[in-house]
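**Student:** Supplied in structure tokens, the structure appears directly below.
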Amino acid sequence: MELYGSYTSPFVRHCRIALLESGMQFAFVETDATSSAKLSPTKKMPFLKYIEGGKETMLTDSSAILKSIREQSGKVFFSNNDDFNDYCTANTLLDTAINLFYLEKEDITPAKSAYLTRQQSRMASGLTELNKLTFSKTAPFTDSELRIACLLDWAVFRNRITLDAYLNLKTFLDNVRNYPHFASTAPK
């Protein structure tokens, strides 16, 4: 089993955490955007390659990878719609934050685009909604909690957000940072 991705990607990080939690043997293959564009049909990371029943399988989306890992290790990916909805909200915010991050590198900012202003507003309203959730204080964390934690830690790491106005999210992130699998996968 080989997981391809970068150490800073929050999507890759969640998959690394799930693999560590599962106890399955895997190799992490560091990949940059140029390599992933050549190796993955979706031209993104993460992607996972493994052999099952003599056939090579390639999964090219972090959600598909997580579902596979959880099911192969005898776990349930999502047990209820509320948890899945929180995970989807975190995904939306991650996509938004990453797009804003990369567009800013090309000097395309919300100040220059009504669409990006809306995206920036989506970040604020989404974080406000996530801040209302009740979170576990210690492991085990649900996949929605792990996705939210990966979002928050990446956004803080990349100076996309501060958590000063979101005390519940700040406390949650502080608690998750004590989880060994989360700590060992922190972006550098």
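**Student:** Name the most mobile residue of 21, 71, 106, meaning the one with the largest mean-square fluctuation, in a Gaussian network model of the chain with Cα contacts below 10 Å.
**Tutor:** Of 21, 71, 106, the most mobile in the Gaussian network model is 106.
**Student:** Could you check what % of the DSSP bridge pairs in the chain are antiparallel, to the nearest 5?
**Tutor:** Looking only at bridges with both residues in the chain, the antiparallel portion is about 65 percent.
**Student:** Then there is this: Give the carbon-plus-sulfur fraction of the accessible surface of region 33-188 in %, rounded to a whole number; probe 1.4 Å, heavy atoms of protein chains only.
**Tutor:** On the way: 4480 of 8710 Å².
Its accessible area is 51 percent carbon and sulfur atoms.
**Student:** Return the FRET efficiency for the residue pair residue 75, residue 37: r is the Cβ-Cβ distance, R0 is 22 Å, and the value is rounded to the nearest 0.05.
**Tutor:** Values: r = 32 Å, r/R0 = 1.44.
Once the sixth-power term is evaluated, E becomes 0.10.
**Student:** So in region 1-93, what percent of DSSP beta bridges are antiparallel if you round to the nearest 5? Please report the intermediate quantities before stating the final value.
**Tutor:** On the way: 8 of 12 bridges.
Percentage antiparallel, nearest 5: 65.
**Student:** Turning to a different aspect of this structure: Which distance in Å, rounded to a whole number, links the C-alpha centroids of region 26-48 and region 127-165?
**Tutor:** Between the Cα centre of region 26-48 and that of region 127-165, the gap is 25 Å.
**Student:** To the nearest 0.05, how large is the calculated FRET efficiency for residue 44 and residue 171 if R₀ is 35 Å and r is the Cβ-Cβ distance? It would help to have the intermediate numbers written out before the result.
**Tutor:** On the way: r = 32 Å, r/R0 = 0.91.
Computed FRET efficiency for residue 44 and residue 171 comes out at 0.65.
**Student:** How much net charge surrounds residue 70 when only the other residues with a Cβ under 10 Å from the Cβ of residue 70 are counted, with Lys and Arg +1 and Asp and Glu -1? Could you put the intermediate results ahead of the total?
**Tutor:** Working: positive: 67, 75; negative: 21, 71, 143.
It works out to a net charge of -1.
**Student:** Lys and Arg at +1, Asp and Glu at -1: add these up for the other residues within a Cβ distance under 15 Å of residue 110 and post the number. Show your work: numbers first, answer last.
**Tutor:** Details: positive: 105, 112, 118, 122, 160; negative: 104, 106, 107.
That sum, taken over residues with Cβ under 15 Å, equals +2.
**Student:** Could you provide, to the nearest whole Å², the per residue accessible area of region 38-188 with probe 1.4 Å?
**Tutor:** On a per-residue basis, region 38-188 sits at 56 Å².
**Student:** Looking at region 124-166, which trypsin sites (Lys or Arg not before Pro) are in a loop (DSSP not H, G, I, E or B) and have at most 14 other Cβ atoms within 10 Å?
**Tutor:** On the way: sites: 132, 137, 147, 158, 160; in loops: 132, 137, 158, 160.
Counting only loop positions with at most 14 other Cβ atoms within 10 Å, the trypsin sites (Lys or Arg not before Pro) in region 124-166 are 132, 137.
**Student:** Evaluate the charge dipole of the chain about its Cα centre and quote only its size in Debye, nearest 20, assuming +1 on the Cβ of each Lys and Arg and -1 on the Cβ of each Asp and Glu. If you can, show how the numbers build up before the last one.
**Tutor:** Details: 22 positive and 21 negative charges, 46 e Å.
Once rounded to the nearest 20, the dipole reads 220 debye.
**Student:** Find the relative contact order for region 114-188 and round it to a whole percent, using C-alpha pairs within less than 8 Å whose residues are 6+ positions apart. Show your work: numbers first, answer last.
**Tutor:** Values: 35 pairs, mean separation 26.4, N = 75.
35 percent.
**Student:** Let me ask something else. Which value, to two decimals, describes the C-alpha radius of gyration of the chain once divided by 2.2 N^0.38 Å? Numbers along the way, then the final one.
**Tutor:** Details: Rg = 16.6 Å, N = 188, 2.2 N^0.38 = 16.1 Å.
Here the answer is 1.03, to two decimals.
The values are calculated or read from the model by the stated rules, or taken from the named source; none is laboratory data. Note that the coordinates shown come from a computational prediction; the quantities given were computed from them, not determined experimentally. All Cβ positions, glycine included, derive from the backbone under ideal geometry; neighbour counts span all protein chains shown. Note: areas computed on protein heavy atoms with side chains; ligands, DNA, RNA excluded. Shrake-Rupley method; radii C 1.70, N 1.55, O 1.52, S 1.80 Å.
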